[in-house]
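So the structure is just underneath, and the comments pick up after that.
The values are calculated or read from the model by the stated rules, or taken from the named source; none is laboratory data. As the structure is a computational prediction, the values presented were derived from the model and not from experiment. Here Cβ is always computed from backbone atoms with ideal geometry, including for glycine, and neighbour counts include all displayed protein chains.
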Protein chains: 2
Amino acid sequence: MEQEIIDWIKSVCDVDCEWVRLGIGDDAAILHAPHPTVITTDVIAEGTHFDLQQVELFQAGRKAMAVNLSDLAAMGAKPIAALVTLQLPEHFSLDQVKLLFQGLQEFSGKYEFPIVGGDTNRWKGPLVIGATLLGVPFSSPDAASPPWTMSGGNPDDAIFVSGCFGGSLLHHHCHFEPQIRLAEHLARHHPVTAATDASDSLVLDLSHLAQASQTGFEIDSRLIPISPDAVKQSEVTGKSALQHALYDGEDFQLICSVPASCIDRLEQDTRLPVPFRRIGRLTEKTEFTMIDAQGVTESLEIRGYQH
Amino acid sequence: MEQEIIDWIKSVCDVDCEWVRLGIGDDAAILHAPHPTVITTDVIAEGTHFDLQQVELFQAGRKAMAVNLSDLAAMGAKPIAALVTLQLPEHFSLDQVKLLFQGLQEFSGKYEFPIVGGDTNRWKGPLVIGATLLGVPFSSPDAASPPWTMSGGNPDDAIFVSGCFGGSLLHHHCHFEPQIRLAEHLARHHPVTAATDASDSLVLDLSHLAQASQTGFEIDSRLIPISPDAVKQSEVTGKSALQHALYDGEDFQLICSVPASCIDRLEQDTRLPVPFRRIGRLTEKTEFTMIDAQGVTESLEIRGYQH
C-alpha cells in the first residue's frame, strides 16, 4: 500500500485512551483492556452488503463499524477499541479513502474509542471493509457483572425489541444507529437475561436466542413494531408488512429477554433512549409460535435474509 | 451463510482455554486475557497474496494465520486467541471450507490457541481470508515485561535476523513458519530492544524499525543470509541474489535489535531454534547504509515488495 495512504491513516488514528498502550503503526497494538473483554468481527463487501451506486463511501465505512457496534450492543458492551481492514479497488484515491474513513470514524468520535490497528491492501476486486471491535460491559467496572449472551433466557421471560422492523433495504440497512445507548441504559437500570441483535431477521435471530437459552418463544403479531418502510415494501412485493417485519434482515435492532417481574418497571421507564417494546415471551416448550391478528396461535417458519 | 457451514465451523472451533469465557456462536466472544494483550489483524486475498492455481486451499488458510502470527512473533508474543473472517466465492463447497480450515487451524493446534469468533459470507468475488490474533508477551506472566516494539532500539545495538532472505515468491511466501518459537526463546533468554518482521522487504522493514527507534542503520552485505531461492530468482531476473535478499518481500523473518554487550552470548547460544545472525547495527546518524563486498559504505535505496 502506498506510504501516503498509510501515513494519512496513521495521522487520523492517533488517539489517547487509557487502555491503549500502543496504537496503529507497529506490528501489533498493545492493550490493557478491563476484564471481561468482548470481541467481535464483521466484514461488509461491495455488491453484497452495500452498493456504491446507491450509497456514499461515507455510508459504507459507517456501516462497517455499525454492524460490529450492533454486536457489542447485543452483549451490553461499550466499545473500547477497533481494528479496520480494507481491500481497496485499484483505482481508489486518497480522497476516497478519506471519505471512507470519515464513515469509519463517525462512531469512534461519538463513543470515544480509538482505531488501534488494521491492514490496508489494494487489489483488483471490489471494496471490502472489515472491522474488529473490542468492548467491555457497561455495567461492569470490575468482573462482577458479565456481558449479556444469547443463552441466559428463561421460560416466561418477556421479549422486548427496540425500534421497528422490516423494509430495511429501502434505507435503514446503511443508515441505522447501533443500539449502544439503549444497551447502556438497560445495563445500568434493568436486568437483561439474554440479548442479540436482529441482523438476519427478527424471527431467525430470536430463534437463535431461544435455542441458545433452551426455550421456545411465542410472539404476538399485534405487538410487532412494523416500520413505515415495511409498509412501503409490501406495496411493491405483495407480501404483508408483517411478513417483511418478521423476515427482512438488517434491521439491527436489539432483541432482549427480561424477567416477567420486571416488565412493568421497563414499560414505565420514561428515560429509555429509543422505543423498546414487549412483543412476546420465551416458553418452556421449545417451539416457535406467533399469535395472529385473530388471536390464533400458529407455528412460525424460521428463515432470514440472504444477502 | 448456509447453516451447514456455520454449524461445521462452530463444531471444530469449540476449544477449552483458560482466557476464553465464551467462544464462537454468540454475538461476540468473551475473553479474560492477561495484561498487556497485543492484537493484530491482516487480510490475504486470492490474486494478491495467493494464487489458487498454484497453492492448495490448505496453504491459503495456513498463510492467513501465519502472517498474523509473524506479527505476534515480532512483538515477542504468544498467540492466545484468533478471529477469522471469510469471503467465500459463490461456488465454494463445504469440503472446500474444510480444507481452508485445516490450514487455518494448523497453528491453533500447534500453539494451542482457539478460534473464538469470526464472520463468514458468500459473494461474487474471489476468496478473501482475514484473521485477527490476540497474544501475550512470552516473558510476561504479569505486566512487568512489556511486548517488543519497533521503537525501542538504540544506536550501536546489533541487528540480528532469522533465517535467510529473497526469492520468497518461489515457495516460501506460502509455506513459511512464523518465528514464534524463536521469539519465545529470545524473550526468555536474551534482551531484545526492538523487533519487527520482514513482510515488505528486509531493507524497508528494517528502515521502519530504525525510524521508529530514531536511529539509522548500517548493514554489511557480506553478512546478509541469502536464500537459495534468491539465487534461483537471480538467474531468471538478472538482478543479483543480494538485491533479491534486500528487496523481495514476504520473507516473514524476524528482525531484532539487541544491545552490543549481548552479541557474544547470543552468537554462542546453541539452543536457538533457527539460525539467527548478526547483519549490522543501528546508528546514531539517521541514514540507511550498507557496506558492500569491497568494504565500501553506500547509501541504500528504501523500497519493498508491491503485491
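Just one of the numbered conditions (1) modelled with pLDDT of 95 or more; (2) assigned to a helix (DSSP H, G or I); (3) surrounded by fewer than 23 Cβ atoms within 10 Å (Cβ to Cβ); (4) more than 13 Å from chain A (Cβ to nearest Cβ) is not true of B:Ile219; which one?
(2)
When you scan segment B:51-159 for strands (runs of 3 or more DSSP E) that lie fully inside it, which ones turn up with 3 or more residues that are among the aliphatic types (A, V, I, L, M), within 14 Å of another protein chain (Cβ to nearest Cβ) and buried (at least 22 other Cβ atoms within 10 Å of the Cβ)? Lay out the reasoning, then the answer.
Values: elements: B:77-89, B:115-123, B:128-137.
In segment B:51-159, the matching strands (runs of 3 or more DSSP E) lie at B:77-89, B:128-137.
For segment B:82-119, how many residues meet the condition of being in contact (Cβ under 8 Å) with a residue 12 or more places away in the chain, of a type outside the set (A, V, I, L, M) and farther than 27 Å from B:Glu177 by Cβ?
Of the residues in that region, 4 qualify.
Inspect segment B:238-261 for any residue being buried (at least 21 other Cβ atoms within 10 Å of the Cβ), at pLDDT below 95, in contact with a helix residue (DSSP H, G or I) (Cβ under 9 Å, 6 or more places away or on another chain) and on the phi > 0 side of the Ramachandran plot and give the result as yes or no.
Yes, that holds for at least one residue.
Given (1) in a loop (DSSP other than H, G, I, E, B); (2) under 16 Å from the mean Cα position of the chain (by Cα), where does B:Pro191 come up short, assuming only one miss?
Unmet condition: (2).
Being modelled with pLDDT of 95 or more, of a type outside the set (A, V, I, L, M, F, W, C) and under 19 Å from A:Cys256 (Cα atoms) narrows it down to one residue among A:Gly152, A:Gly130; which is it? Let's see the steps before the verdict.
Values: A:Gly130 fails: under 19 Å from A:Cys256 (Cα atoms).
After applying the criteria, what remains is A:Gly152.
So, in segment A:274-301, how many residues would count as being surrounded by fewer than 17 Cβ atoms within 10 Å (Cβ to Cβ), aliphatic (A, V, I, L, M) and in contact (Cβ under 8 Å) with a residue 60 or more places away in the chain?
Residues flagged as surrounded by fewer than 17 Cβ atoms within 10 Å (Cβ to Cβ), aliphatic (A, V, I, L, M) and in contact (Cβ under 8 Å) with a residue 60 or more places away in the chain within segment A:274-301 amount to 3.
Every residue in segment A:181-219 that is β-branched (Val, Ile, Thr) and under 18 Å from B:Lys10 (Cβ atoms), please.
The initial filter retains those residues of segment A:181-219 that are β-branched (Val, Ile, Thr), namely A:192-193, A:196, A:203, A:215, A:219.
Of everything in segment A:181-219, just one residue is β-branched (Val, Ile, Thr) and under 18 Å from B:Lys10 (Cβ atoms), namely A:Thr196.
Quick check on my filter: what residues within segment B:49-66 are among the polar types (S, T, N, Q) and at pLDDT 90 or above? Walk me through it before giving the result.
Narrowing segment B:49-66 to residues among the polar types (S, T, N, Q): B:53-54, B:59.
Scanning segment B:49-66 gives a single hit, B:Gln59.
Of the residues that make up segment A:177-185, is at least one outside the structural domain of A:Cys13 (by TED's automatic domain parsing), in contact with a Phe, Trp or Tyr (Cβ under 9 Å, 6 or more places away or on another chain) and free of Cβ contacts under 8 Å to residues at least 60 places away in the same chain?
no
Which ones in segment B:265-302 are farther than 19 Å from B:Ile226 by Cβ and of a type in the set (Lys, Arg)?
If the condition is that a residue be farther than 19 Å from B:Ile226 by Cβ and of a type in the set (Lys, Arg), then B:Arg265, B:Arg271, B:Arg281, B:Lys285 are the ones that fit.
Taking only segment B:170-188 into account, find how many residues are touching an Asp or Glu at 6+ places or on another chain (Cβ under 7 Å) and part of a helix (DSSP H, G or I).
Looking only at that region, the number is 3.
Please enumerate the residues belonging to segment B:1-47 that are more than 11 Å from chain A (Cβ to nearest Cβ), without any contact (Cβ under 8 Å) to a residue 40 or more places away in the chain and part of a helix (DSSP H, G or I).
B:Asp7, B:Lys10, B:Ser11
With respect to A:Ala194, is the statement that it is under 30 Å from A:Gln233 (Cα atoms) and aliphatic (A, V, I, L, M) true?
Values: under 30 Å from A:Gln233 (Cα atoms): no; aliphatic (A, V, I, L, M): yes.
Judged against the criteria, A:Ala194 is not a match.
Condition check: touching a Ser or Thr at 6+ places or on another chain (Cβ under 6 Å), small (Gly, Ala, Ser) and over 23 Å from A:Thr297 (Cα atoms). Does A:Gly152 satisfy that? So that I can check it myself, show each step before the final result.
Numbers: touching a Ser or Thr at 6+ places or on another chain (Cβ under 6 Å): yes; small (Gly, Ala, Ser): yes; over 23 Å from A:Thr297 (Cα atoms): yes.
When the stated conditions are applied, A:Gly152 passes them.
Given the residues A:Ser162, A:Ser151, which is the only one that is of a type in the set (S, T, N, Q), under 21 Å from the mean Cα position of the chain (by Cα), within 28 Å of A:Thr270 (Cβ to Cβ) and not assigned by TED's automatic domain parsing to the domain that holds A:Leu31? Let's see the steps before the verdict.
Values: A:Ser151 fails: within 28 Å of A:Thr270 (Cβ to Cβ).
Exactly one residue qualifies, and that residue is A:Ser162.
Just to check your reading of the model, which residue among A:Thr48, A:Thr41 is hydroxyl-bearing (Ser, Thr, Tyr), touching a strand residue (DSSP E or B) at 6+ places or on another chain (Cβ under 9 Å) and surrounded by fewer than 19 Cβ atoms within 10 Å (Cβ to Cβ)? Full working, then the answer.
Details: A:Thr41 fails: surrounded by fewer than 19 Cβ atoms within 10 Å (Cβ to Cβ).
None of the others qualify; the one that does is A:Thr48.
Quickly run through segment A:241-261 and pick out the residues that are under 15 Å from A:Gly153 (Cα atoms) and either charged (D, E, K, R) or assigned to a helix (DSSP H, G or I) (or both).
Taking segment A:241-261 first, the residues under 15 Å from A:Gly153 (Cα atoms) are A:254-261.
The answer is A:Ala260, A:Ser261.
Being under 20 Å from B:Pro79 (Cβ atoms) and buried (at least 20 other Cβ atoms within 10 Å of the Cβ) is the filter here, so list the residues in segment A:21-37 that pass it.
Kept after step one, since they are under 20 Å from B:Pro79 (Cβ atoms), are these residues of segment A:21-37: A:21-22, A:26-33, A:35-37.
Passing the criteria: A:Leu22, A:Asp26, A:Asp27, A:Ala28, A:Ala29, A:Ile30, A:Leu31, A:Ala33, A:Pro36, A:Thr37.
Please work out if A:Val231 is in a helix (DSSP H, G or I) and free of Cβ contacts under 8 Å to residues at least 40 places away in the same chain. Give the steps one after another, and end with the answer.
Values: in a helix (DSSP H, G or I): yes; free of Cβ contacts under 8 Å to residues at least 40 places away in the same chain: no.
Against the criterion (in a helix (DSSP H, G or I) and free of Cβ contacts under 8 Å to residues at least 40 places away in the same chain), A:Val231 does not qualify.
All but one of (1) β-branched (Val, Ile, Thr); (2) closer than 29 Å to B:Arg62 by Cβ; (3) touching a residue at least 12 places away in the same chain (Cβ under 8 Å) hold for B:Val236; which doesn't?
The failed condition is (3).
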